[in-house]
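This report concerns only the one structure given below.
Derivation of every value follows stated rules applied to the coordinates shown; laboratory data play no part. Computed from a predicted model, the values in this text were never measured in an experiment. Here the Cβ positions follow ideal geometry from the backbone for every residue, glycine too, while neighbour counts run over all protein chains shown.
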Amino acid sequence: MCGIVGAVAERNVQGILLEGLKRLEYRGYDSAGMTVRSPQGQLQRQRALGKVAALEERLAAEPLPGHSGIAHTRWATHGRPSEQNAHPHQSGERLAVVHNGIIENHEALRRELEGEGYVFTSETDTEVIAHLLERESRRVGDLLTAVQGVLAHLDGAYALGVIHADEPDVVIGARKGSPLVVGVGIDEAFLASDPLALLQVTDRFVYLQEGDAVRLSRGGVIKVVDADGYAVEREVQTFEHGDGAASKGDYRHFMLKEIHEQPAVIAAALEGRLGERSVLVESFGPDAEALFGQVKQIHIVACGTSYHAGMVARYWLERYTGVPVQVEVASEYRYRQVVVPEGTLFVTLSQSGETADTLAALRFARARGYLASLAICNVPGSSLVRESDLTLMTQAGPEIGVASTKAFTTQLTALMLLTLALGRVRGLDAGEQATLVEALRGLPGLVARVLELDPAIEALGTAFAEKHHALFLGRGAHFPIALEGALKLKEISYIHAEAYPAGELKHGPLALVDSEMPVISVAPNDELLDKLKSNLQEVRARGGELFVFADEQVGLAEEEGVHVLHLPHVHEALAPILYTVPLQLLSYHVAVLKGTDVDQPRNLAKSVTVE
């Protein structure tokens, strides 16, 4: 959630660090800070509560010149949001540290350090790291060695950036359970929790592995040591997306830009993975075909929006492959006694590949006898990808808005590819495969047609500006889409929204329906359409106002209290992907009308890297 930036360069690093923090604002945070080693060998620190702009104002008044430094945006976990709790944290005047993650044994470490005379000035778990490092560096006389020694005493998750006044132009980094990358420049080196933070200075990165520590020093010298303390070489990878990926361009918000990018990114997710009449199973790896032939059951584990994608995939996989599917929330999965039938494929979904609960579930699953693990993810160098047996990249490109949009639709696209790959291996009718492949090829164009309805959806949004509650309905594979629509509305507009299978209305939720409760429904042209129409009549009979996104062929007409927006006809299996898009736009326009922070909604973070 928090963001780390570090730099060692021949030039002044203040601007590099500040720009990096700005590019990490999408992750969610409540304070920001920076420490730079001055040319005179002193640590200079500035911290501010609130946005990075507040820190920028302080730096304008009191600059921090120097060739090495660390910076941070904090999302509060231990201690309230305050300048006192903001990072970097220092031990004395000679050592500073920034930290993402949670140190679970911080209370015991704090008592130990206080017993030795260390004085704590914050409520955070991070400050124990600063004091431990100060103690260890005095003992061993080398900052990298000190970091390695301290890591052995830390329980929990961390990504660290450390500087010491006595080591000129050196920044140390380390990671366990939280992402950290090294940016490779020309005679300079950088540290960040996300490559996006550094695209203004480099497009070449080393993705640190679990347990790695790294020393960045003058001249761009990079030394990586693994969890056992051995010097190792890590591959330098070129970032595939241009610097413009982190810019809004002509759009008012990142979220709107990312909604409109969906035709292109869905096409990218399909590129190179479709044969003439079937999915190329090799897209999942050279051993995928043999492994898929052994699959007898599937467990899908994910969080938030990704969990909704998994719920949709259950309908697809059971229909087209005949394989039983179980979908679980990652944060709950590993806290129960899991029964793993023989031949079970473990599938994880994550935009970032660093989602703490999903990663922990994968690591928990390793010892449970699964056939293999498959990660569907958007970040090639992420922990989830590296630690899974098979991977499929969603090709969504960087997603900045906290509320996921294009990451969700590309996950769904990838899950349909998985469905057809498994179906091909398991004998799905060739004609049905060919029909679905052709429908997938046409999907980006259909999404583009839905985006042309944006003005009409914006007009619908005005009806929600003064509402405090909303109800979303869907049937079959569209119940998870209703859940996703409700999640989007509550995330960015702060309107309380719930979703139900439309057939469950009469079992309780119908009591909520009145003229003040807008009801939103998706109505694709499928076998459940007639039943859905009956459910919608139940709403109208109780005075509820309906907003229906319907297939152009279903014949639903507007009338008093019923607003209908017709979508282009799509193969019923792919309808969940298409019907997601108008719900995204509706939520976006309602949030804009209500004046909320669309890209950075309160209390939320983009990459949830703590449990």
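What the table below lists for this structure:
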read-out	value
Sorted peptide list for 409-420, 290-301, 220-231, criterion being average Cβ within 10 angstrom, highest first	409-420, 290-301, 220-231
Dipole axis of the chain (+1 Lys, Arg; -1 Asp, Glu on Cβ), positive-most option in 157, 428, 370	157
Relative contact order (%) - criterion: Cα under 8 Å, at least six apart; region: the chain	12
Placed amide H near residue 280: partners under 5 Å, 5+ positions off or other chain	274, 275
Loop-located GluC sites (Glu not before Pro) in the stretch 247-310 whose Cβ has at most 12 other Cβ within 10 Å (DSSP)	271, 276
Karplus-derived HN-Hα couplings along the stretch 564-578 (A = 6.51, B = -1.76, C = 1.60, θ = phi - 60°), whole Hz, x at Gly and Pro	10, 10, 8, 9, x, 5, 9, 3, 4, 5, 8, 4, x, 5, 5
Integer Hz, Karplus 6.51/-1.76/1.60 couplings in order for the stretch 417-426, x for Gly and Pro	4, 4, 4, 6, 5, 5, x, 4, 5, 9
Estimated dipole of the chain in Debye, rounded to 20 [Cβ of Lys and Arg +1, of Asp and Glu -1, Cα centre]	500
Too-long pairs where the Cα-Cα distance tops 27 Å, listed order kept, from 51/223; 51/467; 176/223; 176/296; 176/248	51/223; 51/467; 176/296; 176/248
Residues with amide H under 5 Å from that of residue 328, placed H, sequence gap 5 or more	300, 301, 302
Computed [θ] at 222 nm, helices only, for the chain once each DSSP H run of length n ≥ 4 contributes -39500 (n - 2.57)	-10500 deg cm²/dmol
Normalised contact order of the stretch 66-223, rounded percent, pairs of Cα under 8 Å and 6 or more residues apart	20
Nonlocal amide H pairs with residue 104, under 5 Å, H built at 1.01 Å	155, 156, 157
³J(HN,Hα), Karplus 6.51/-1.76/1.60, whole Hz, each residue of the stretch 95-103, x for Gly, Pro	9, 9, 9, 10, 8, 10, x, 9, 9
